[in-house]
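The values are calculated or read from the model by the stated rules, or taken from the named source; none is laboratory data. Since we're looking at a predicted model, the values are computed, not measured. Please note: Cβ atoms are built from the backbone with ideal geometry, for glycine as well, and neighbour counts cover all protein chains shown. Side chains included, ligands, DNA and RNA excluded: accessible areas come from the protein's heavy atoms. Shrake-Rupley method; radii C 1.70, N 1.55, O 1.52, S 1.80 Å.
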Amino acid sequence: MNNELPPIMTVQDVCAYLRCSRQHVYDMINAGRLKTYTVGGRRYIDAQSLDRQFR
């Protein structure tokens, strides 16, 4: 994984990075594979959890 990624990413950012659908990202979140934070109604994904999934 590129170390230049921001520490947190939006769902849209992750979709673009992985070149996958929004549903696939939410499936990974619901399966507990990605750690997320909700701030003001927006969901952010921890880039470290993304890195751990694709090492």
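Among the residues of segment 23-46, the ones that are assigned to a loop (DSSP other than H, G, I, E, B) and open to solvent by less than 90 Å² (accessible area, probe 1.4 Å) come to 5 in all. Output the residues belonging to segment 17-49 that are within 10 Å of the chain's Cα centre (by Cα) and among the small types (G, A, S). Matches in segment 17-49: A47, S49. Screening C20 against (1) touching an Asp or Glu at 6+ places or on another chain (Cβ under 8 Å); (2) in a loop (DSSP other than H, G, I, E, B) leaves a single unmet condition, (1).
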